[in-house]
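Participant: The structure under discussion is supplied below as structure tokens; questions concerning it will follow.
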């Protein structure tokens, strides 16, 4: 998953792509709300500069939750305009944050430092311009040091997430933990349970097993149900070969209908749960829509 160093992030000033707007033709808005929450990951910081494109994507995919990568320092005026527009479309807006190294801080100091900046932004803005929360995508397992002692490193990660979650709770920020689906496969189920119980409001699972989604996230689903947490099933749409993705890990070539069918199977497997359908992420979906229109 692509990451950027937030401390060095600078918003690019880009014009709105007429081509993007052209192929993302809005569907008529439904009078009724979507039956399920649907989330969109957005890794382009400059999307803050392009609220019209974000609005088209929201209409096209009936998005209810938007996870926007947000670098520091926050550009208040443009960010406020962006958040306000999305709220006007009845969409909750979250800052999409996370660096791999943050997973090795037992007190969550770097993540909390980021959250402090977000809190200061919210305090200075009108209610309609404030972020609803954060989608926290920290991936300590991608570091080579993880393999040396997964259990101890998982404890560090969970401890830091709990500390950051407590800070978020104090400042009315919804805190979603984005995790891979394989912590239980590594024998880390006990720590995974602690994370879901004490370290988040909701849990988003990156589900990279096309056709076996419900089976692969059964542990996370059971724990989320046990502690009454919403469960996000995140499906991948990046192209085969990107970040080592194979055909069985992404819906890029299978199409949107196949992804919808996969989400429905997850719903059927866990009928008593609050399942959120999450798309990863906007750019591959825009590419897919463009390809379909040609």
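Please treat every number below as a calculation from the coordinates, not as lab data. Computed from a predicted model, the values in this text were never measured in an experiment. Here Cβ is always computed from backbone atoms with ideal geometry, including for glycine, and neighbour counts include all displayed protein chains.
Participant: Ranked by Cβ crowding within 10 angstrom, fewest neighbours first, how are 246, 194, 79 ordered?
Facilitator: 246, 194, 79
Participant: With springs only between Cα atoms under 10 Å, which of 75, 46, 272 fluctuates most in a Gaussian network model of the chain?
Facilitator: Checking each option, the largest mean-square fluctuation is seen for 272.
Participant: If I build a Gaussian network model for the chain, linking alpha-carbon pairs within less than 10 angstrom, which residue out of 211, 103, 241 has the largest mean-square fluctuation?
Facilitator: 241
Participant: Another question, if that's okay. Give the span of the chain's Cα atoms along each principal axis, as three whole-Å numbers ordered largest to smallest.
Facilitator: Projected onto its principal axes, the Cα set of the chain covers 50, 44, 36 Å.
Participant: Taking the number of other C-beta atoms within 10 Å as the exposure measure, put 210, 200 in order starting with the fewest.
Facilitator: 210, 200
Participant: Using 0.36 nm per residue, how much length does the chain from residue 149 to residue 124 gain when fully extended, once their Cα-Cα distance is taken away?
Facilitator: 4.7 nm
Participant: Give the separation of the Cα centroids, segment 53-76 to segment 139-181, in Å.
Facilitator: 24
Participant: How large is log10 I(q)/I(0) at q = 0.14 Å⁻¹ when the Debye formula is applied to the Cα atoms of segment 113-233, each weighted equally and without solvent?
Facilitator: Treating every Cα as an identical point scatterer, log10 I(q)/I(0) equals -0.62.
Participant: Continuing with this model, one more query. Mind checking which of 83, 134, 119 has the largest fluctuation in a GNM of the chain, springs on alpha carbons under 10 Å?
Facilitator: Fluctuation is largest for 119.
Participant: If you don't mind, another one. Would you mind calculating the relative contact order of the chain from Cα pairs under 8 angstrom and at least 6 residues apart, reporting the percent as a whole number?
Facilitator: 17
Participant: Based on the Kirkwood radius over alpha-carbon pairs, what is the Stokes-Einstein translational diffusion coefficient of segment 173-294 at 25 °C with 0.890 mPa s viscosity, in µm²/s?
Facilitator: Diffusion coefficient, whole number: 164 µm²/s.
Participant: Next question. Can you give me the P(r) profile for segment 164-223? Cα pairs, bins 10 angstrom wide beginning at 0, each as a whole percent.
Facilitator: Calculated over all Cα pairs of segment 164-223, the distribution is 22, 50, 22, 5 percent.
Participant: Based on the Cα atoms of segment 27-116, what semi-axes does the equivalent ellipsoid have, where each is the square root of 5 times one gyration tensor eigenvalue, given in whole Å with the largest first?
Facilitator: Taking √(5λ) for each eigenvalue gives 28, 15, 10 Å, largest first.
Participant: Ranking 159, 293 by Cβ neighbours within 10 Å, fewest first, what do you get?
Facilitator: In order of increasing Cβ crowding within 10 Å: 293, 159.
Participant: Apply 1/(1 + (r/R0)^6) to the Cβ-Cβ distance of residue 240 and residue 101, taking R0 = 30 Å, and write down the FRET efficiency to the nearest 0.05.
Facilitator: The formula returns an efficiency of 0.55 here.
Participant: Quickly work out the residue 169-to-residue 36 label distance, labels modelled 7 Å from Cα along the C-beta direction, and quote it in nm with one decimal.
Facilitator: Using points 7 Å along Cα→Cβ, the separation is 2.9 nm.
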